[in-house]
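Beneath this line is the structure, given in structure tokens, with notes to follow.
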């Protein structure tokens with residue numbers, strides 16, 4: 001598998017607006033629009049930095065996995081996302097290597113991209129998303 | 001303050017070697033040498049990706065803050081590091097903005113760089129390091 005880049009770092013928060021304000025006021029980092037992703041029960045916004053984007057995620061549904069994360073661990077770093085050429089092919093390679101997968105098939109994530117999540121038990125506690133442009 | 005880039009994403013682990021092996025085997029990501037940072041009671045190694053480095057940290061002392069993190073939350077994403085022009089000046093600006101600081105003065109971190117940590121209570125649960133080349 002070839003990782004093209006780390007496309008974003010994701011942070012789970014209770015309220016997007018207050019955190020977007022903090023990153024702008026304290027660190028001078030601008031952000032894009034807030035978008036709803038009803039299929040995953042979340043709202044997201046991206047903060048731009050020169051080499052990587054920081055995604056903020058706020059749950060909008062009690063059953064969203066991000067809501068469960070917040071209830072268990074509180075606000076904080078949630079996952080990192082690797083950009084790959086082909087998510088389906090990467091999942092097949094990971095599966096062959098014995099990695100645990102949350103998604104066995106690519107699904108549609110934020111910005112309409114094809115995404116899939118690898119289970120943190122296989123990656124030292126780090127939730128990793130694979131994403132295809 | 002001007003953030004030049006996100007210099008690295010940091011992951012707290014119990015054993016560096018096994019995680020370096022996982023990132024190399026599953027994702028084809030190479031890593032550099034393991035170095036000891038006795039002043040902070042840790043060993044660290046950097047994994048290279050095209051746009052950002054991933055730092056793995058293993059505590060070597062029972063009193064290291066990373067050891068406390070592992071005991072409380074387990075292995076996983078630990079902090080992100082912003083590269084700035086001048087850590088001392090950035091700390092002064094953050095302090096004026098009312099941000100909580102862990103380090104009120106820059107100190108020496110991995111690779112001999114000047115670093116300081118901002119308290120996660122001011123940044124939505126995310127531990128942020130400032131780093132100067």
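Only the coordinates and a few stated rules stand behind these numbers; no lab work does. Predicted, not measured: the structure shown is a model, and the values here were computed from it. Every residue, glycine as well, gets a Cβ built from its backbone with ideal geometry; the counts of neighbours run over all protein chains shown.
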Site residue A:107, offset 7 angstrom along Cα→Cβ, radius 11 Å on amide nitrogen, limited to the range A:1-44, gives A:39-41
Shortest first and in nm, the label-point separations between residue B:89 and its counterparts in the other identical copies (7 Å out along Cα→Cβ) come to 4.6
When chain A is treated as a Gaussian network with springs between alpha carbons less than 10 Å apart, the largest mean-square fluctuation among A:56, A:29, A:20 is found at A:29
Cα extents of the protein assembly as shown along the principal axes, largest first, in whole Å, come to 48, 40, 31
Within the set B:53, B:15, B:73, GNM on chain B using Cα springs under 10 Å gives the largest fluctuation to B:73
In the B-onto-A rotation, chain B's nearest residue to the axis by C-beta, with distance in whole Å, turns out to be B:77, 2
1/(1 + (r/R0)^6) with r = Cβ-Cβ of residue A:36 and residue B:62, R0 = 35 Å, i.e. FRET efficiency to nearest 0.05, evaluates to 0.15
Contact order relative to length for chain B, counting C-alpha pairs under 8 Å separated by 6 or more residues, stands in percent at 26 percent
Sorting from shortest, the nanometre distances separating the label point of residue B:101 (7 Å past Cα along the line to Cβ) from those of the same residue in the other copies are 4.8
The range B:1-60: spread of alpha-carbon positions along the three principal axes, whole Å, largest first, is 35, 31, 16
Both in Å, the radius of gyration and Dmax of the C-alpha trace of the range B:3-132 are 14.6, 46
Relative contact order as a percentage, the range B:8-69, C-alpha pairs under 8 Å and 6+ apart, gives 36 percent
Taking the label point 7 Å from Cα along the Cα-Cβ vector, the copy-to-copy distances for residue B:36, listed from shortest in nm with one decimal, are 5.7
Counting other chain Cβ atoms within 10 Å of each Cβ in B:72-82 and taking the mean gives 5
